1. Test residue 22 against the criterion of being crowded, with 19+ Cβ neighbours inside 10 Å, modelled with pLDDT of 90 or more and of a type in the set (Val, Ile, Thr), and give yes or no.
2. Give me the strands (runs of 3 or more DSSP E) completely within segment 33-82, filtered to those with at least 1 residues that are closer than 17 Å to residue 101 by Cα and without any contact (Cβ under 8 Å) to a residue 60 or more places away in the chain, ordered by residue number.
3. Can you name every residue in segment 56-105 that is under 23 Å from residue 39 (Cα atoms), surrounded by fewer than 18 Cβ atoms within 10 Å (Cβ to Cβ) and touching a Lys or Arg at 6+ places or on another chain (Cβ under 7 Å)?
Amino acid sequence: MFSLKNNEVTNYLRNVVCSVLTKYCGFYLLENRMRSRYQKMEDESSGQIARRAFYFPNGTGLSVIRGSGTFGYKKGLFEAAILGKDGRIDFHNPINDDVIGWATVCDVVDVADKVRELNF
């Protein structure tokens, strides 16, 4: 018989809910969830790519995109990249060494919390 422990069920349900909300509510939900976390937000959308750049008090940022050709776009998910203090994608940070694809709103908020705490 198939069984899951309580924390596995909770994680599974969280992932399902986050995926559905991300697909149908997109940037509206993300901006609301991020509102208390960022110092400045810029909408840099163009053409078929929607992009928001969130900047934090420590000088770092998070670029979040969704659109044709991005990782996860066909499933309605986001792609995120950590921005260094110079505003460019930082591939040499303690969190990740690449872009973060197939991300739900919950995933992006979790990464944003880690980026806000960076001291480099």
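1. Numbers: crowded, with 19+ Cβ neighbours inside 10 Å: yes; modelled with pLDDT of 90 or more: no; of a type in the set (Val, Ile, Thr): yes.
In short, no.
2. Correct list: 49-55, 61-67.
3. Across segment 56-105, the qualifying residues are 58, 59, 95.
The values are calculated or read from the model by the stated rules, or taken from the named source; none is laboratory data. This one's a predicted model, so the numbers in the text were calculated from it and none came from an experiment. Virtual Cβ from ideal backbone geometry, glycine too; neighbours counted across all protein chains shown.
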